[in-house]
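Chemist: I'd like to ask some things about the structure below.
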Amino acid sequence: MTRCEGIERRADGRTLLKARVRAAPFEGQANDALCPLLAHELGLAPWQVEITGGEGARIKRLRIAGDPRMLGAVLDKLTKANA
């Protein structure tokens, strides 16, 4: 059940990467599972993905370190694979 589910375009204009983690949203367990999942999916080291906002909310803001062109290509591939 831990997986990236693709891109969601919301009615308010925001575009989000949807991900599900098996860990419970208790004492940061779900947040701790999210960064390694996204790092793995993006081909990055876990330290390259960090939550910068929304720690207690369903929608998170992330900082992802890496080459923007490579990240864009990987996100595009994830989007098409999960469409």
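The values are calculated or read from the model by the stated rules, or taken from the named source; none is laboratory data. Just so it is clear, the structure is predicted and the values come from calculations on it, not from any experiment. Every residue, glycine among them, receives a Cβ derived from its backbone with ideal geometry; neighbour counts consider all protein chains shown.
Chemist: Confirm whether Leu71 is touching a strand residue (DSSP E or B) at 6+ places or on another chain (Cβ under 8 Å), of a type outside the set (Ser, Thr, Tyr) and part of a helix (DSSP H, G or I). Step through it out loud before you land on a result.
Modeler: Values: touching a strand residue (DSSP E or B) at 6+ places or on another chain (Cβ under 8 Å): yes; of a type outside the set (Ser, Thr, Tyr): yes; part of a helix (DSSP H, G or I): yes.
The answer is yes for Leu71.
Chemist: Moving on. Of the numbered conditions (1) aliphatic (A, V, I, L, M); (2) more than 16 Å from Leu75 (Cβ to Cβ); (3) at pLDDT 90 or above, Ala24 satisfies every one except a single condition; which is it?
Modeler: Evaluating Ala24 over (1) aliphatic (A, V, I, L, M); (2) more than 16 Å from Leu75 (Cβ to Cβ); (3) at pLDDT 90 or above leaves (3) as the failure.
Conditions (1) in a helix (DSSP H, G or I); (2) surrounded by 10 or more Cβ atoms within 10 Å (Cβ to Cβ); (3) touching a Leu at 6+ places or on another chain (Cβ under 6 Å), marked per residue:
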{"site": "Gly6", "(1), (2), (3)": "no, yes, no"}
{"site": "Gly13", "(1), (2), (3)": "no, no, no"}
{"site": "Lys18", "(1), (2), (3)": "no, yes, no"}
{"site": "Pro25", "(1), (2), (3)": "no, yes, no"}
{"site": "Asp32", "(1), (2), (3)": "yes, yes, no"}
{"site": "Glu41", "(1), (2), (3)": "yes, yes, no"}
{"site": "Glu55", "(1), (2), (3)": "no, yes, no"}
{"site": "Leu62", "(1), (2), (3)": "no, yes, no"}
{"site": "Gly66", "(1), (2), (3)": "no, yes, yes"}
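Chemist: Can you spot a residue in segment 11-18 that is free of Cβ contacts under 8 Å to residues at least 40 places away in the same chain, among the aliphatic types (A, V, I, L, M) and under 17 Å from Asp76 (Cα atoms)?
Modeler: The answer is no; no qualifying residue exists.
Chemist: Here is a follow-up. Only residues in segment 39-62 that are charged (D, E, K, R) count as the first member; pair them with residues that are part of a helix (DSSP H, G or I), Cβ under 8 angstrom, at least 6 apart or cross-chain, and list the lot.
Modeler: Glu41/Val74; Glu41/Leu78; Glu50/Cys35; Glu55/Asn31; Lys60/Asn31; Lys60/Leu34
Chemist: Something else: Show the residue pairs that are 6+ apart or on different chains and have beta-carbon atoms under 6 Å apart, the first residue being within segment 70-83 and over 10 Å from Leu42 (Cα atoms), the second being modelled with pLDDT of 80 or more and hydrophobic (A, V, I, L, M, F, W, C).
Modeler: So the pair list comes out as Thr79/Ile7.
Chemist: Please state which of the following conditions Met1 fails to meet, knowing it meets all the rest: (1) more than 14 Å from the chain's Cα centre (by Cα); (2) at pLDDT 90 or above; (3) not small (Gly, Ala, Ser).
Modeler: It is condition (2) that Met1 fails.
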